[in-house]
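Below you'll find the structure, written out as structure tokens, and then a few comments.
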Amino acid sequence: MRPASGHNLQLGNSALRPLPPLLHLLLRRHPLVEGSSPTFRRPFRLSRQEKEKVHKQVEDALKIGLIESSVSPYGAPVLFVQKKDGSLRMCIDHRALNKITVRDRYPLPRIGDLLDKLHDCTIFSSRDLQSGYHQIRIKDEDKPKTAMMSPMGQFQFKVLCFGLTNAPAIFQRAMNKIFSEHIGKFVLVYLDEILVMSCTPEEHEQHLRLVLQILRENGLKAKLSKCEFNKAELHFFGHAIGKDGVAVDPQRLL
């Protein structure tokens with residue numbers, strides 16, 4: 001097992017969906033340091049079990065159009081990390097590419113600042129986007145930079161990758177743009193997590209309709225199993241929030 005910070009392909013049956021619509025808002029570039037050369041690393045040796053998992057993940061990604069065949073001079077190896085339950089997670093080691101990428105300094109929200117905006121809200125809903133990064137396309141000229149090396153050949157991504165150093169900034173910028181009129185009023189956004197907050201049930205219904213409409217207009221999909229609706233209290237980034245205020249999530253203390 002080779003521990004590394006890489007891109008988690010994050011594919012499962014629940015992730016099978018059409019490629020996101022080609023929206024100008026969601027197209028982002030990944031500039032590289034001037035004078036840098038394409039990064040390439042030889043594939044790691046994989047076990048039989050790992051090769052089978054790679055084959056399944058690549059087949060699924062090709063089927064839904066997240067990746068395509070590549071002849072790129074770039075190449076990042078596939079590896080696996082062990083999850084808490086002992087199962088294996090396929091990742092792509094983009095560390096070499098990240099070293100020559102010009103950093104996007106767009107800031108992520110401070111959790112404390114987000115929690116300060118809860119005001120006197122008494123009813124809450126949360127939505128978690130399905131494999132959020134994969135719902136943002138990248139520009140054609142950047143696709144070769146995401147190339148990965150696998151036992152099945154070389155492939156490159158058509159959507160934002162989880163292991164790219166600028167992915168969080170790019171995603172947060174897109175979400176802030178989409179919800180710009182409502183953030184801090186009745187919506188809080190941290191990457192792919194969206195919190196809707198209201199003072200009355202009537203307001204909350206209107207706010208939820210607006211949020212759903214915005215997601216639909218931008219072709220963004222949420223993961224239903226991670227969504228909560230019309231709650232007096234729910235968990236948001238390690239905190240229990242409700243009408244009585246904010247407290248540390250008891251599960252984080254175990």
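Go through 84, 99, 158 for me and flag whichever is among the basic types (Lys, Arg), open to solvent by 10 Å² or more (accessible area, probe 1.4 Å) and in contact with a Gly (Cβ under 7 Å, 6 or more places away or on another chain).
Numbers: 84 fails: in contact with a Gly (Cβ under 7 Å, 6 or more places away or on another chain); 99 fails: in contact with a Gly (Cβ under 7 Å, 6 or more places away or on another chain).
Result of the check over 84, 99, 158: 158.
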message: Suppose we keep only residues that are in a loop (DSSP other than H, G, I, E, B) and surrounded by fewer than 20 Cβ atoms within 10 Å (Cβ to Cβ) within the range 180-195. Which one would you say is nearest to the chain's Cα centre (by Cα)?
response: 191
- request: Determine the pairs where a residue that is closer than 15 Å to residue 43 by Cβ, located within the range 66-77, has a partner that is open to solvent by 60 Å² or more (accessible area, probe 1.4 Å) and not hydrophobic (A, V, I, L, M, F, W, C) with Cβ atoms under 7 Å apart, the partner being 6 or more residues away or on another chain.
  value: 74/38; 75/41; 76/41; 77/41; 77/42; 77/43
message: Looking at the range 103-142 only, could you name the residues that are open to solvent by 30 Å² or more (accessible area, probe 1.4 Å), part of a helix (DSSP H, G or I) and not small (Gly, Ala, Ser)?
response: 111, 113, 116, 117, 140, 141
query: Can you find a residue in the range 196-217 that is in contact with an Asp or Glu (Cβ under 8 Å, 6 or more places away or on another chain), open to solvent by less than 70 Å² (accessible area, probe 1.4 Å) and within 19 Å of residue 241 (Cβ to Cβ)?
result: yes
statement: Per the filter on the range 52-102, residues assigned to a helix (DSSP H, G or I), within 19 Å of the chain's Cα centre (by Cα) and over 16 Å from residue 158 (Cβ atoms) are 95, 97, 98
- prompt: Which residue pairs have Cβ atoms closer than 9 Å, lie 6 or more positions apart in sequence or on different chains, and pair a first residue in the range 28-51 that is in a strand (DSSP E or B) and at pLDDT below 85 with a second residue that is polar (S, T, N, Q) and surrounded by 15 or more Cβ atoms within 10 Å (Cβ to Cβ)?
  reply: 28/166
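The values are calculated or read from the model by the stated rules, or taken from the named source; none is laboratory data. Being a predicted model, the structure only gives us computed values, none of them experimental. In this analysis, Cβ positions are derived from the backbone assuming ideal geometry, glycine residues included, and neighbour counts consider all displayed protein chains. Accessible surface is based on the protein model in full, side chains and every heavy atom, while ligands, DNA and RNA are left aside. Shrake-Rupley method; radii C 1.70, N 1.55, O 1.52, S 1.80 Å.
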